[in-house]
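Let me begin by presenting the structure, written as structure tokens, before commenting on it.
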Amino acid sequence: MKELHGTEWYGEYAKLMNEQNEYVLIEYTCNGTGNLYDYALFPGIHLIFMDFNCSDTFYEPIPNKEIIEIRHYQKGRVEFELRNNKVFHMKEGEFCINALANIPAAYSFPFGYSVGLSCVIEKDAVDAETQQIFSYYNIDVLSLGRELELEKRWFLCRTPQRLLHIFDELYAAKGVEGRDYFRIKLLELFYHIQQLRIEDQYEATYYTKEQIEIIKRIRQELIENLDKKLSIEELLRKEPMSKVTFQTIFKQIYGDTPYAHIKKYKMNLAAVYLQETDQSITQIAGELGYSNISKFARAFQEVFGMLPKDYRKVKKSN
């Protein structure tokens, strides 16, 4: 019963790598790794696990099909660029349902990684037998989400409590369980989705592509000058954006204030240096813009729960 999506669905950078008994492995050509595990569960219904470790932007082809798509993200954050030049971000633990009218033009990963899943229903490919199977449980699979006005916008919300365990179990079963297990879980998922109402959602926050590019440009300057104390106000003077707007959008993209994000970035870099080099702690602190070794040690401890010297000792002994 295995049916494959073609390149018109996955895009030009996707390549079929391996066809297992239960799923198909798709690999993306990118600066890092990008893998999809595609389970064809019923005619026209696929469950796709998405695992990316890269910062590339992927351009989404528009499938010439009437679809319903359910997405959930377990780790990371995903930036979606829509075809109207608007951008919004999905965070860990968020859940959405979408239809063809709102398929993104492109997506990328602000943290450089993402783990999620997508359930795609291609309405024209769902046969009568599949519709009947779901109808035994009062589920109209072709009208899933009909109450949610999917033709107008994404349905987006924090994952409802009753769906949390389903997603946890799906992730845990990837590559372990067979198609029959996932069919049962899909039945449970669809049952609960049918109970959702329009008032359960919250409004997605959208920004323009130009605004997002300003944020990323300034973040890159900060990252390229970790040993200097650059002022955000100074960097913003050449940009058409206020500091308040910058901080608001920055937090939407990266989940932290600029200061907290750069601090974590520095400490993660420090952790790599402590583990992989023989540089002294004083040298590492200086490279990251800390002239005061005590301030550096305190900042490192706030992020990793131990002092740099102890972290190095633990990692080197492993």
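The table that follows gives values for the structure above.
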quantity	calculated
Residue count for segment 17-32, restricted to those that are open to solvent by 30 Å² or more (accessible area, probe 1.4 Å), without any contact (Cβ under 8 Å) to a residue 24 or more places away in the chain and within 22 Å of the chain's Cα centre (by Cα)	3
Any chance ALA125 is out of contact with any His (no Cβ under 9 Å at 6 or more places or on another chain), without any contact (Cβ under 8 Å) to a residue 40 or more places away in the chain and among the aliphatic types (A, V, I, L, M)	no
Whichever residue in segment 33-62 is open to solvent by 30 Å² or more (accessible area, probe 1.4 Å) and either among the charged types (D, E, K, R) or modelled with pLDDT under 90 (or both) and, among such residues, is nearest to GLU79 (Cα to Cα)	THR57
Index of the failed condition, GLY112 passing every other in (1) open to solvent by 30 Å² or more (accessible area, probe 1.4 Å); (2) farther than 23 Å from SER143 by Cβ	(1)
Selection count, segment 1-22, where residues are hydroxyl-bearing (Ser, Thr, Tyr) and at pLDDT 70 or above	1
Meets criteria (of a type in the set (Asp, Glu) and closer than 22 Å to THR257 by Cβ) for GLU177	no
Complete set of residues in segment 179-227 that are open to solvent by 50 Å² or more (accessible area, probe 1.4 Å) and within 20 Å of PHE80 (Cβ to Cβ)	TYR202, GLU203, THR205, TYR206, LYS209, GLU210, GLN211, GLU213, LYS216, ARG217
Candidate set: segment 275-302, residues that are surrounded by 15 or more Cβ atoms within 10 Å (Cβ to Cβ) and under 29 Å from the mean Cα position of the chain (by Cα); chosen: the one farthest from LYS228 (Cα to Cα)	GLN301
Flag for LEU170 being open to solvent by less than 40 Å² (accessible area, probe 1.4 Å), within 30 Å of LYS251 (Cα to Cα) and assigned to a loop (DSSP other than H, G, I, E, B)	no
Among (1) modelled with pLDDT of 90 or more; (2) part of a helix (DSSP H, G or I); (3) closer than 30 Å to CYS157 by Cα, the one test that GLU199 misses	(1)
Unique match (being under 24 Å from TYR37 (Cβ atoms) and touching a residue at least 24 places away in the same chain (Cβ under 8 Å)) among ILE166, ILE215, ILE198	ILE166
Residue match in segment 176-185 (condition: under 18 Å from the mean Cα position of the chain (by Cα) and part of a helix (DSSP H, G or I))	no
Members of segment 248-268 that are open to solvent by 50 Å² or more (accessible area, probe 1.4 Å) and in a helix (DSSP H, G or I)	THR248, LYS251, TYR259, LYS264, TYR265, ASN268
Hits in segment 133-158 (condition: out of contact with any strand residue (DSSP E or B) (no Cβ under 7 Å at 6 or more places or on another chain) and assigned to a loop (DSSP other than H, G, I, E, B))	TYR136, TYR137, ASN138, ILE139, ASP140, GLU149, LYS152, ARG153
Some residue of segment 284-307 being out of contact with any strand residue (DSSP E or B) (no Cβ under 6 Å at 6 or more places or on another chain), touching a residue at least 60 places away in the same chain (Cβ under 8 Å) and in a helix (DSSP H, G or I)	yes
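The values are calculated or read from the model by the stated rules, or taken from the named source; none is laboratory data. All values derive from a computational prediction rather than experimental measurement. Ideal geometry is used to build each Cβ from the backbone, glycine not excepted, and the neighbour counts take in all protein chains shown. The protein model used for the area step is the full one, side chains on, heavy atoms only, and it has no ligands, DNA or RNA in it. Shrake-Rupley method; radii C 1.70, N 1.55, O 1.52, S 1.80 Å.
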